[in-house]
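The values are calculated or read from the model by the stated rules, or taken from the named source; none is laboratory data. Because the structure is predicted, anything quoted here is derived from the model rather than measured. Quick reminder, even Gly has a Cβ in these numbers, built from the backbone with ideal geometry, and neighbours come from all protein chains shown.
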């Protein structure tokens, strides 16, 4: 492309990405992503065929998201998350510190098996309701939902849609994934807990909570959903072990689980279907199209050349640099577009596994710095607003600046060894 075309492409992509993060006029994120994609086509920078080809690259991600959102919404509607949150309160036995640990453990479980978006969307309101019933100040426990959603999001390939974005068809099989990310995940989860717990020590010390709270009875549908989630976990872990792309198995498992639960409980599927955040799909598609434009203007090739030069000079230094730069970039441009760029760079040529691993850790964990870092954190804020709880960007940043850097350094150190 000419210099003029390159400048025009950036003039479209930068405002569109900013619109996704800032949401001017309170328009949905998907509107800005699609506006950017359409503008790239109308300006002639991308042909309709190239735009469709770019959007098609996200097929596995779309299938994964539909399957996970369907399962998460089913679990929410059947009261499974409310049950888990009440279970944590009951077993805290009046100790705020123990409740903090139990909510953190539930957050890990939900994130690992149902993705970080499920933790942000459906666990957050359940934790709010349970802590209010216990007479506890909700915010320390709600912060867990935001931070664990990112800190535990690279335990398994299914724990974060960004994992599929970064690796795509090159997704490591399960044994290789665990070899690369087991220790970094443990480091991320443990360090995040320690620092977050320290930041909330005074708030937890100064409060008392009820020892007994109303515990919702788990319906037959809720029990079936729990079994379905366990089965989905087995299927997806098996698919990952067999080096099968995760989108289609996730979609099929979510569909089968929902069909079984709804049929046995004789419920209409429409409430579950309407509860899904379908706008996530055009949002991701628009971002894929914009990244395709970055490929066309040569930006991905330039980034790849810089990274390869750094690898030639010092592989370890390149891995540390890639992880840190990616983590910072998340908070400027959101981790979905950053993950797409990182995935395109990783796919453009062979890079050492520690470099790619460091980029993924940066994409997944970097968003714990600010509210703009990831879609999961933005969805968490939306869930808080529904309960009329306000967390300013500055307040989150003051906590994130303490929590994210040590967790990131510990995770990268465990990965680059």
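Name the residue that is modelled with the highest pLDDT, counting only residues in the stretch 219-231 that are within 30 Å of residue 137 (Cα to Cα), surrounded by fewer than 19 Cβ atoms within 10 Å (Cβ to Cβ) and over 23 Å from the mean Cα position of the chain (by Cα). If we take residues in the stretch 219-231 being within 30 Å of residue 137 (Cα to Cα), surrounded by fewer than 19 Cβ atoms within 10 Å (Cβ to Cβ) and over 23 Å from the mean Cα position of the chain (by Cα), then 223 is modelled with the highest pLDDT.
A quick yes/no check of all residues on (1) crowded, with 21+ Cβ neighbours inside 10 Å; (2) farther than 29 Å from residue 352 by Cα:
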{"residue": "157", "(1), (2)": "yes, no"}
{"residue": "170", "(1), (2)": "no, no"}
{"residue": "173", "(1), (2)": "no, no"}
{"residue": "182", "(1), (2)": "no, no"}
{"residue": "187", "(1), (2)": "yes, no"}
{"residue": "204", "(1), (2)": "no, yes"}
{"residue": "253", "(1), (2)": "yes, yes"}
{"residue": "260", "(1), (2)": "no, yes"}
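In this entry, residue 109 passes the filter for residues that are modelled with pLDDT of 90 or more, within 27 Å of residue 279 (Cα to Cα) and surrounded by fewer than 21 Cβ atoms within 10 Å (Cβ to Cβ). For residue 23, are the conditions met, namely being surrounded by fewer than 16 Cβ atoms within 10 Å (Cβ to Cβ) and in contact with a helix residue (DSSP H, G or I) (Cβ under 8 Å, 6 or more places away or on another chain)? It is true that residue 23 is surrounded by fewer than 16 Cβ atoms within 10 Å (Cβ to Cβ) and in contact with a helix residue (DSSP H, G or I) (Cβ under 8 Å, 6 or more places away or on another chain). Do we have residue 362 as under 26 Å from residue 298 (Cα atoms), at pLDDT below 95 and within 18 Å of the chain's Cα centre (by Cα) here? Spelling it out, it is not the case that residue 362 is under 26 Å from residue 298 (Cα atoms), at pLDDT below 95 and within 18 Å of the chain's Cα centre (by Cα). Residue pairs whose Cβ atoms lie under 9 Å apart, separated by 6 or more positions or on different chains, with the first residue in the stretch 237-255 and at positive phi and the second surrounded by fewer than 17 Cβ atoms within 10 Å (Cβ to Cβ), are 243/173; 243/176. Search the stretch 22-45 for residues that are on the phi < 0 side of the Ramachandran plot and at pLDDT 85 or above and pair each with any residue that is part of a helix (DSSP H, G or I) and loosely packed, with under 12 Cβ neighbours inside 10 Å when their beta-carbon atoms are under 7 Å apart and the residues are at least 6 apart or on different chains. Close Cβ pairs (under 7 Å, with a partner that is part of a helix (DSSP H, G or I) and loosely packed, with under 12 Cβ neighbours inside 10 Å) amount to 41/48. Per this entry, residue 32 is not counted among residues that are farther than 30 Å from residue 220 by Cβ and out of contact with any helix residue (DSSP H, G or I) (no Cβ under 7 Å at 6 or more places or on another chain). Candidates 229, 209: the one that is in a helix (DSSP H, G or I) and out of contact with any strand residue (DSSP E or B) (no Cβ under 8 Å at 6 or more places or on another chain) is 229.
Yes or no: residue 283 closer than 20 Å to residue 30 by Cα and in a helix (DSSP H, G or I)? Spell out how you get there, then give the answer.
On the way: closer than 20 Å to residue 30 by Cα: yes; in a helix (DSSP H, G or I): yes.
Against the criterion (closer than 20 Å to residue 30 by Cα and in a helix (DSSP H, G or I)), residue 283 qualifies.
Kindly establish whether residue 409 is surrounded by 17 or more Cβ atoms within 10 Å (Cβ to Cβ), at pLDDT 85 or above, more than 19 Å from the chain's Cα centre (by Cα) and over 20 Å from residue 107 (Cα atoms).
Values: surrounded by 17 or more Cβ atoms within 10 Å (Cβ to Cβ): no; at pLDDT 85 or above: yes; more than 19 Å from the chain's Cα centre (by Cα): yes; over 20 Å from residue 107 (Cα atoms): yes.
So residue 409 does not fit the description; no.
Regarding residue 271, is this residue closer than 20 Å to residue 82 by Cβ, in a helix (DSSP H, G or I), in contact (Cβ under 8 Å) with a residue 12 or more places away in the chain and in contact with a helix residue (DSSP H, G or I) (Cβ under 9 Å, 6 or more places away or on another chain)? Yes. Determine whether residue 248 is within 22 Å of residue 170 (Cβ to Cβ), surrounded by fewer than 19 Cβ atoms within 10 Å (Cβ to Cβ) and touching a helix residue (DSSP H, G or I) at 6+ places or on another chain (Cβ under 9 Å). Yes, satisfied.
Name every residue in the stretch 193-203 that is within 21 Å of residue 149 (Cα to Cα) and part of a helix (DSSP H, G or I), in order of residue number. 193, 194, 195, 196, 197, 198, 199, 201, listed by residue number. Only residues that are buried (at least 24 other Cβ atoms within 10 Å of the Cβ) and on the phi > 0 side of the Ramachandran plot were counted in the stretch 114-155, giving 1.
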